[in-house]
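The values are calculated or read from the model by the stated rules, or taken from the named source; none is laboratory data. Keep in mind that what you see is a predicted model, and the values were worked out from it rather than measured. All Cβ positions, glycine included, derive from the backbone under ideal geometry; neighbour counts span all protein chains shown. For accessibility, only protein heavy atoms count, side chains too; no ligands or nucleic acids. Shrake-Rupley method; radii C 1.70, N 1.55, O 1.52, S 1.80 Å.
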Amino acid sequence: EMLASLEPLDIINQHLIPALDIVGKGFETKKLFLPQLLMSAEAAKVSFELLKEHMIKTGTKGESKGTVVLATVKGDIHDIGKNIVKVLLENYDFNVIDLGKDVPPEVVVEACKKDHVELVGLSALMTTTVPAMKATIELLRKECPWAKACVGGAVMTQEYADSIGADFYGKDAMDTVKYAQRLFGVN
């Protein structure tokens, strides 16, 4: 119904992301629990798919501005943040290779090598999976030195991102889009 009066990006920025923030804060303060968090993530996922279909149908997608590999790191099965980044990147005309969740470092590196991708986005929600993020960045440095690594997720901070060798820390999805635009020299 919102698509009748709002642009897809406005729905994402003014409704979906704020709603997910409310759910995330509720989970952190123990007012909401894992079942509510998972239900919210599923609802958001469906919403993002509908918005993506709408953008394809209405031709709001333009020529690709670059390719980005996205993955939730090995051991982490939470992908709502990655999915938000994916929808925004696609809305800004980036080609996204989404490797999914619980992705081993070798799979990320192979995808990066295959298409000589210049930007890899890694997501981690749990502190226990940040070592997998670090291992992925180390393997990227070794085998794909041309690629930049952008990291984000609930547990990430600028300090943490610096300590694991990331090129960029995206505090939110839009931050990541802006970094991609700078990296690929587009606006």
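Val155 - would you say it is under 16 Å from the mean Cα position of the chain (by Cα), closer than 27 Å to Ala43 by Cβ and without any contact (Cβ under 8 Å) to a residue 40 or more places away in the chain?
yes
Identify, from the list Lys52, Lys57, the residue that is farther than 18 Å from Ala180 by Cα and in contact with a helix residue (DSSP H, G or I) (Cβ under 7 Å, 6 or more places away or on another chain).
Lys52
Of everything in segment 134-159, what is outside any loop (DSSP other than H, G, I, E, B), open to solvent by less than 60 Å² (accessible area, probe 1.4 Å) and either touching a Phe, Trp or Tyr at 6+ places or on another chain (Cβ under 9 Å) or modelled with pLDDT under 95 (or both)? Give them in sequence order.
Ala149, Cys150, Val151, Gly152
List the pairs whose first member sits in segment 137-149 and is free of Cβ contacts under 8 Å to residues at least 12 places away in the same chain, whose second member is in a helix (DSSP H, G or I), and whose Cβ atoms are under 9 Å apart, counting only residues at least 6 apart or on separate chains?
Between residues of segment 137-149 that are free of Cβ contacts under 8 Å to residues at least 12 places away in the same chain and residues that are in a helix (DSSP H, G or I), the close pairs are Lys142/Val109.
Tally the residues that are modelled with pLDDT of 95 or more, in contact with a Phe, Trp or Tyr (Cβ under 6 Å, 6 or more places away or on another chain) and not in a strand (DSSP E or B), restricting the search to segment 161-179.
Residues in segment 161-179 being modelled with pLDDT of 95 or more, in contact with a Phe, Trp or Tyr (Cβ under 6 Å, 6 or more places away or on another chain) and not in a strand (DSSP E or B): 2 in total.
Being open to solvent by less than 20 Å² (accessible area, probe 1.4 Å), closer than 19 Å to Met174 by Cβ and of a type in the set (Lys, Arg) is true for just one of Lys65, Lys86, Lys82. Which residue is that?
Going through Lys65, Lys86, Lys82 in turn, the sole match is Lys82.
Only one of (1) more than 15 Å from the chain's Cα centre (by Cα); (2) part of a loop (DSSP other than H, G, I, E, B); (3) modelled with pLDDT of 95 or more fails for Asn187. Which number is that?
It is condition (3) that Asn187 fails.
Pairs only if they're at least six apart or on different chains, beta carbon under 8 angstrom, first in segment 15-36 and surrounded by 13 or more Cβ atoms within 10 Å (Cβ to Cβ), second not in a helix (DSSP H, G or I); list them, first residue then second.
Pairs found: Ile17/Asp172; Val23/Leu32; Gly24/Ala154; Gly26/Leu32; Phe27/Phe33.
Restricting the search to segment 113-128, which residues are touching a Cys at 6+ places or on another chain (Cβ under 9 Å) and on the phi < 0 side of the Ramachandran plot?
Lys113, Val117, Glu118, Leu119, Val120, Gly121, Leu122, listed by residue number.
Of the residues Asp115, Asp76, Asp98, only one is among the acidic types (Asp, Glu) and closer than 21 Å to Thr157 by Cα; which?
Asp76
Matching residues to (1) farther than 20 Å from Leu140 by Cα; (2) at pLDDT below 85:
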| residue | (1), (2) |
| --- | --- |
| Val46 | yes, no |
| Glu53 | yes, yes |
| Val96 | no, no |
| Val109 | no, no |
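For segment 101-131, how many residues meet the condition of being surrounded by fewer than 17 Cβ atoms within 10 Å (Cβ to Cβ) and either free of Cβ contacts under 8 Å to residues at least 12 places away in the same chain or among the polar types (S, T, N, Q) (or both)?
Result for segment 101-131: 5.
For the condition closer than 30 Å to Lys113 by Cβ, out of contact with any Ser or Thr (no Cβ under 8 Å at 6 or more places or on another chain) and either of a type in the set (Phe, Trp, Tyr) or open to solvent by 70 Å² or more (accessible area, probe 1.4 Å) (or both), what is the one hit in Glu49, Glu42?
Checking each option against the conditions leaves just Glu49.
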